[in-house]
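Below is one structure, written out as structure tokens; comments come after it.
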Amino acid sequence: MNIRKLLVLWVFIAVIVGCTELDPFEISTTSLPDGKVGESYSAWIRTTGGHGNVSIRVLSGQLPPGVSFRQEERDARLSGTPSLARDFLFTVEARDSSSSSEPDPAVVVTQGFAITVNP
């Protein structure tokens with residue numbers, strides 16, 4: 001079998017399997033910017049890959065007081081005005097759910113984050 005036929009066969013199998021290996025679901029944001037008490041803060045936590053509906057939430061830890069977490073499409077937006085200076089640690093969970101017609105289970109990933117709020 002020549003290389004071209006092998007490549008076509010591999011692509012065909014990947015499509016049937018749902019392209020999970022070609023397009024893995026993940027939280028692509030790796031760090032968040034620092035903030036400052038009394039100043040406006042805005043940052044995004046982005047997801048990439050997958051093929052279902054995405055839900056994203058704070059699983060544990062604490063956001064800075066005054067900063068909210070809101071899902072927008074497949075990502076989450078952090079925004080507000082921090083009111084307390086210190087380090088805030090939290091974990092985000094993102095879930096890529098397949099449609100009800102697909103047999104694949106949901107893919108769940110987590111990522112830890114830190115926001116340092118300076119005085």
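The values are calculated or read from the model by the stated rules, or taken from the named source; none is laboratory data. This structure is a prediction, so every number in the text was calculated from the model and none was measured. Virtual Cβ from ideal backbone geometry, glycine too; neighbours counted across all protein chains shown.
Here are some notes:
- Among the residues of region 60-92, those that are within 13 Å of the chain's Cα centre (by Cα) and either of a type in the set (Val, Ile, Thr) or within 17 Å of Ser40 (Cβ to Cβ) (or both) comprise Phe69, Arg70, Arg77, Leu78, Thr91, Val92.
- Cβ-Cβ under 6 Å pairs, at least 6 apart or on other chains, region 72-94 side over 11 Å from Gln62 (Cα atoms) and in contact (Cβ under 8 Å) with a residue 12 or more places away in the chain, far side outside any strand (DSSP E or B) and not small (Gly, Ala, Ser): Asp75/Arg46; Pro82/Val37; Pro82/Pro64; Ser83/Pro65; Leu84/Pro65; Ala85/Val37; Ala85/Pro119
- Restricting region 84-107 to residues that are among the aliphatic types (A, V, I, L, M) and modelled with pLDDT of 95 or more, the residue that is surrounded by the most Cβ atoms within 10 Å (Cβ to Cβ): Ala94
- Of all the residues in region 27-83, those that are exposed (fewer than 14 other Cβ atoms within 10 Å of the Cβ), modelled with pLDDT under 95 and not in a strand (DSSP E or B) number 1.
- In the condition set (1) under 13 Å from the mean Cα position of the chain (by Cα); (2) free of Cβ contacts under 8 Å to residues at least 40 places away in the same chain, Pro105 is compliant with all but (1).
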